[in-house]
Amino acid sequence: MAKVAETRRWLRGDWAPLRYLREVQGELKKVRWPDRQELYRLTGVVLSVTIGMSILLGLVDYFFFWLFGGIFTTPQDPLRLGIAVVGSLIGLGALAFALSRE
């Protein structure tokens, strides 16, 4: 008798994976899907931000390559060494400030 009740409960949808799929279907019906124009606009925004961040990260990478390449290959270059020391002190100060606020 217990097996029959369990089978009926499974067929009604009380079985966890089946209930999950029904809930997912219900949530997908609530989603407002973008129209074609909005899709193109949002795709343009995503691509623009991606390209912009790639350029920014490339410039930051090039700056650090220039900075640390000069420090380790020519230690007598005072400009690069000064930038590195000041940057390190600012970073340590920011770290100490952040840790003191906790």
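Can you tell me which residue among 23, 27, 6 is surrounded by fewer than 10 Cβ atoms within 10 Å (Cβ to Cβ), among the charged types (D, E, K, R) and modelled with pLDDT under 95? Let's see the steps before the verdict.
Working: 23 fails: surrounded by fewer than 10 Cβ atoms within 10 Å (Cβ to Cβ); 6 fails: surrounded by fewer than 10 Cβ atoms within 10 Å (Cβ to Cβ).
Matching residue, one of 23, 27, 6: 27.
A quick yes/no check of all residues on (1) modelled with pLDDT under 95; (2) in contact with a helix residue (DSSP H, G or I) (Cβ under 6 Å, 6 or more places away or on another chain); (3) acidic (Asp, Glu):
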| site | (1), (2), (3) |
| --- | --- |
| 54 | no, no, no |
| 57 | no, no, no |
| 63 | yes, no, no |
| 80 | yes, yes, no |
Going by the structure shown, is residue 13 modelled with pLDDT under 75 and either surrounded by 10 or more Cβ atoms within 10 Å (Cβ to Cβ) or under 30 Å from the mean Cα position of the chain (by Cα) (or both)?
yes
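The values are calculated or read from the model by the stated rules, or taken from the named source; none is laboratory data. Because the structure is a prediction, the values reported are computed rather than measured. Glycine also receives a Cβ, built like all others from the backbone with ideal geometry; neighbour counts cover every protein chain displayed.
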